[in-house]
Amino acid sequence: MSVIVEIIDTLENKVEKLILKIKRLDQNTQELKIELTKSAHIIQTQSNEIEALKSQYETLKIANSLLGSDDNKRDTKLKINSLIREIDYCIAQLSD
C-alpha cells in the first residue's frame, strides 16, 4: 500500500509542477502579446513618419528645382503640368 501512496504523491507533485509551468507559460504568452502590440504600434507610427518624410522630401525636391537647381527640373515640369491639367479640369467642371 505504501508504494501506491508514494506513486500518488509523486504523481501529485508532477501535476502541481505542470500546473505551475502552464501558469508561467500563460503569463509569458500574455507578456509577449503585449510586446507584440507595442511593436505593431511603433511600426505603424514609424510608417506614418516615413510617409510624411517622403512627402516633405518630394516637396523640397520640387522647391529646389524651382529655385534653379537642374537636378530635378524634369520632375518639376511634370508636376507643374499635372497641376495645370488639374486646374483646367476644375475650371471645365465649374463652367458646365
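The values are calculated or read from the model by the stated rules, or taken from the named source; none is laboratory data. Bear in mind the structure is a predicted one, so any value in this text is a computation, not a measurement. Cβ sites come from the backbone with ideal geometry, for glycine too, and all protein chains shown count toward neighbours.
Check the range 8-20 and report whether any residue there is under 36 Å from the mean Cα position of the chain (by Cα), assigned to a helix (DSSP H, G or I) and either modelled with pLDDT of 95 or more or not hydroxyl-bearing (S, T, Y) (or both). Even if it seems obvious, please write down each step before you answer.
Our first condition is that a residue be under 36 Å from the mean Cα position of the chain (by Cα); within the range 8-20, this holds for 20.
Adding the requirement that they be assigned to a helix (DSSP H, G or I) leaves 20.
Subsequent filtering for residues that are either modelled with pLDDT of 95 or more or not hydroxyl-bearing (S, T, Y) (or both) retains 20.
Scanning the range 8-20, I find at least one residue that is under 36 Å from the mean Cα position of the chain (by Cα), assigned to a helix (DSSP H, G or I) and either modelled with pLDDT of 95 or more or not hydroxyl-bearing (S, T, Y) (or both), so the answer is yes.
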With the structure loaded, tell me whether Q93 is surrounded by fewer than 10 Cβ atoms within 10 Å (Cβ to Cβ), among the polar types (S, T, N, Q) and in a helix (DSSP H, G or I) or whether it fails that test.
yes
Of all residues in the range 62-96, which are modelled with pLDDT of 80 or more and of a type in the set (D, E, K, R)?
R85, E86, D88
Quick check on my filter: what residues within the range 45-72 are closer than 30 Å to S82 by Cβ, in a helix (DSSP H, G or I) and of a type in the set (S, T, N, Q)?
Q46, S47, N48, S55, Q56, T59, N64, S65
